[in-house]
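Have a look at the structure below, then the notes.
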Amino acid sequence: MTEQLSLFPQLSLKERTDQLIEFRWLFVVGALIGISIGNLVFPESLPIPILLVITAAMAIGNGLLWWYARRLAASPAEGREARYLRFAHVQIVLDIVALTVLLHFTGGIENPLYLLYIVYVTVASILLARLYSFLYAGLSTALFSGLVLAEYWQFIPHVHLAGFVSPQRYQRGLYVTVVLFALGFTLFFCAYLASSIAEMLRRREKELLEANLSCEMRAGELAKLNARLAELDKSRSQFIRLVTHELRAPVAAIQSYLRLILDGYVPPEKQREIIEKSERRALEQLALISDLLELARLQDRRAEAEPELVDVAAVLRSVTDLMQARAEDKDLLFSVQIEPNVPPVRATPEHIKQLWTNLISNAIKYTEPGGIVVVTLSQNPNYVVGTVRDTGIGMTPEQMSHLFEEFYRTEEAKAMERQGTGLGLAIVKRIVESYGGRIWVESEKGKGSKFSFALPKAM
């Protein structure tokens with residue numbers, strides 16, 4: 001119910017109740033003017049002292065309402081709207097009662113100002129829910145009917161406006177019946193019409209507020225998307241520059257080697273050596289292009305094969321058979337520990353093979369001769385967990401923060417092993433995350449690294 005006072009979004013509950021108080025001051029001033037004019041038009045007909053007392057009581061009461069409104073505005077925010085709603089009810093009821101009392105002392109049914117009831121019913125219809133507008137229409141009809149009938153049956157004295165209407169009018173049953181019926185019908189029709197318009201406006205206001213909120217949310221989402229697009233565009237530009245650099249340098253070297261041979265600067269006995277260098281650079285280019293194509297395939301999910309159940313342990317065994325010889329060539333202690341009954345994951349076999357190959361080959365590549373590389377495969381309640389631990393060159397925390405970026409290689413890695421595209425770990429990260437897993441690293445410079453990944457078990 002508390003939202004019913006917020007028909008017009010530009011006015012708050014406080015402003016609405018304050019307006020009622022301001023209008024009442026105008027009513028008090030109008031009543032004083034009306035009393036003065038009435039005293040001139042109907043001399044000795046109106047009880048002027050009583051009317052002045054009633055008007056003064058209304059002014060004092062309005063002053064008290066003004067004081068309470070100030071206190072209400074300073075009250076705690078919690079529950080304030082409900083208190084404003086009750087305050088509006090109190091004001092409207094007091095106004096209807098005060099109007100009825102004034103009408104009694106200014107002619108009752110002879111006074112056409114009983115039409116002011118329509119104003120209060122309209123105000124109630126605008127400020128409050130439809131039920132309250134009908135209740136106040138009923139209250140107004142009941143009070144005025146009670147007043148008129150009490151005068152009709154002479155329970156209370158009637159104030160006659162001499163010279164305005166016939167002195168017997170208030171005792172004419174048909175006239176009284178018609179007036180009361182007409183007033184009641186008008187008040188209820190006014191309540192229905194005004195409350196219908198008010199409810200329609202409230203619905204429109206609610207729709208506008210919801211639309212505005214939706215627009216604000218969309219604007220926030222668009223701002224985030226715009227920032228994301230800007231970030232992606234920056235990353236794309238940086239990626240293009242890096243790719244261009246990585247492709248240009250080896251091609252330029254190969255072209256220089258071949259030009260030296262073609263121009264006759266290389267003696268025959270040195271030509272094979274130059275050609276072998278060119279071949280190594282070409283192989284590096286092929287490896288780079290292969291990794292770039294793999295990155296593109298990982299970004300385009302449509303180009304990927306349909307995931308299937310993959311035995312991670314079986315793939316690990318096939319990869320370690322190939323890596324064993326490389327570990328022995330470097331005199332490394334290479335061991336594989338596979339927990340029994342490791343469940344499958346849903347992926348493509350080629351991706352799982354790339355995952356193990358990149359992690360194990362990096363561990364072997366960046367571990368000094370005589371070091372240790374340990375590969376483990378285990379499980380927890382929800383994931384299959386793989387780790388590759390080595391006693392290699394290790395990394396600083398700052399280096400680890402860039403580890404999974406495209407083309408990133410530490411200076412120590414470049415010094416130890418010249419060949420490398422810097423794309424292997426970026427590919428690994430995308431493979432793991434594409435299947436709902438995660439990858440992380442623990443490392444200490446000069447003491448080795450431990451790469452771990454977790455893939456969801458196949459359900």
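The values are calculated or read from the model by the stated rules, or taken from the named source; none is laboratory data. Source: prediction; values computed, not measured. Methodologically, a virtual Cβ is constructed for each residue, glycine included, from the backbone with ideal geometry; neighbour enumeration extends over all protein chains shown. The accessibility values were calculated without ligands, DNA or RNA, using every heavy atom of the protein model including side chains. Shrake-Rupley method; radii C 1.70, N 1.55, O 1.52, S 1.80 Å.
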Answer residue from segment 81-112, given it is open to solvent by 30 Å² or more (accessible area, probe 1.4 Å) and in contact (Cβ under 8 Å) with a residue 60 or more places away in the chain and is farthest from S140 (Cα to Cα) among those: E81
Subset tally (residues that are closer than 26 Å to M200 by Cβ and assigned to a helix (DSSP H, G or I)) for segment 96-129: 14
Hits in segment 69-80 (condition: in a helix (DSSP H, G or I) and open to solvent by 90 Å² or more (accessible area, probe 1.4 Å)): R71
Some residue of segment 152-161 being β-branched (V, I, T) and assigned to a helix (DSSP H, G or I): no
Residue that is modelled with the highest pLDDT [pool: residues in segment 412-432 that are exposed (fewer than 14 other Cβ atoms within 10 Å of the Cβ) and of a type outside the set (S, T, N, Q)]: K414
Enumeration of residues in segment 388-406 that are in contact with a strand residue (DSSP E or B) (Cβ under 9 Å, 6 or more places away or on another chain) and open to solvent by 50 Å² or more (accessible area, probe 1.4 Å): R389, T391, P397
Subset of segment 330-356 (residues that are polar (S, T, N, Q) and within 43 Å of the chain's Cα centre (by Cα)): T348, Q354
Wholly within segment 321-386, strands (runs of 3 or more DSSP E) carrying at least 1 residues that are hydrophobic (A, V, I, L, M, F, W, C) and open to solvent by less than 20 Å² (accessible area, probe 1.4 Å): 345-347, 372-379
Condition met for T17 (of a type in the set (S, T, N, Q), under 52 Å from the mean Cα position of the chain (by Cα) and within 21 Å of I96 (Cβ to Cβ)): yes
Check on L222, open to solvent by less than 100 Å² (accessible area, probe 1.4 Å) and at pLDDT 65 or above: no
Pairs, first closer than 23 Å to G138 by Cβ and hydroxyl-bearing (S, T, Y) in segment 169-183, second part of a helix (DSSP H, G or I) and open to solvent by 30 Å² or more (accessible area, probe 1.4 Å), C-beta under 7 Å, six or more apart: Y170/Y152; Y175/R169
Checklist (1) part of a helix (DSSP H, G or I); (2) free of Cβ contacts under 8 Å to residues at least 24 places away in the same chain; (3) open to solvent by 30 Å² or more (accessible area, probe 1.4 Å); (4) not hydroxyl-bearing (S, T, Y) applied to G63, failing item: (3)
